[in-house]
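The structure appears below as structure tokens.
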Amino acid sequence: MAHRGRRNVNDVLLTAIACGATVEAATQRAGVSRATVLRRLRDPEFKRRLTEIGTEMVQRAASALTAASMESVRTLIALQQPSVPSSTRLGAARSVIELSIKLREFADFAERLAALEQQAAMNNSRR
């Protein structure tokens, strides 16, 4: 039972810290001492889990933004209609151009990175 209690404390601490809580706030949420939190933060497995949770949170946020992006694109396109004030249309046009350039750069980078990773994997398999 004690192991399960520690696991629950770890889960609370991991979630709190991954969400940006201070050490003091994490101690209050988990009901443990500051020394316990600091000891856990030095534990390699705890730190690995914290990094993993942080990565998962960023991936979920990126997925939510990606899902919302099509509506944002539709909004930018709608803001370019002749009935919209010219200053708004200009801003929307600039945004579309800037975002399309960034997206193209990202796609090119991702493609080049994938090719490099594939080449590295082939080189490693030859060894």
Arg49 out of contact with any Leu (no Cβ under 8 Å at 6 or more places or on another chain) and among the charged types (D, E, K, R): no
Give just the number: which of (1) surrounded by 10 or more Cβ atoms within 10 Å (Cβ to Cβ); (2) part of a helix (DSSP H, G or I) does Ala21 not satisfy? (2)
Give all pairs with beta carbons closer than 8 Å in which a residue from the range 72-87 that is within 19 Å of Ser100 (Cα to Cα) meets a residue that is assigned to a loop (DSSP other than H, G, I, E, B) and among the hydrophobic types (A, V, I, L, M, F, W, C); count only pairs at least 6 apart in sequence or on separate chains. Ala78/Val84
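So that you can scan it fast, the table gives a plain yes or no per residue for (1) within 30 Å of Arg7 (Cβ to Cβ); (2) outside the structural domain of Asn10 (by TED's automatic domain parsing); (3) surrounded by 10 or more Cβ atoms within 10 Å (Cβ to Cβ):
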residue	(1), (2), (3)
Arg48	yes, no, yes
Ala62	yes, no, yes
Pro85	no, yes, no
Leu99	no, yes, yes
Ala107	no, yes, yes
What do you reckon, is Leu79 aliphatic (A, V, I, L, M), at pLDDT below 90 and out of contact with any Asp or Glu (no Cβ under 9 Å at 6 or more places or on another chain)? no
Here the residues within the range 64-84 that are part of a helix (DSSP H, G or I) and in contact with a helix residue (DSSP H, G or I) (Cβ under 6 Å, 6 or more places away or on another chain) are Leu76
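The values are calculated or read from the model by the stated rules, or taken from the named source; none is laboratory data. No experiment lies behind these values; they were computed from the predicted model shown. In this analysis, Cβ positions are derived from the backbone assuming ideal geometry, glycine residues included, and neighbour counts consider all displayed protein chains.
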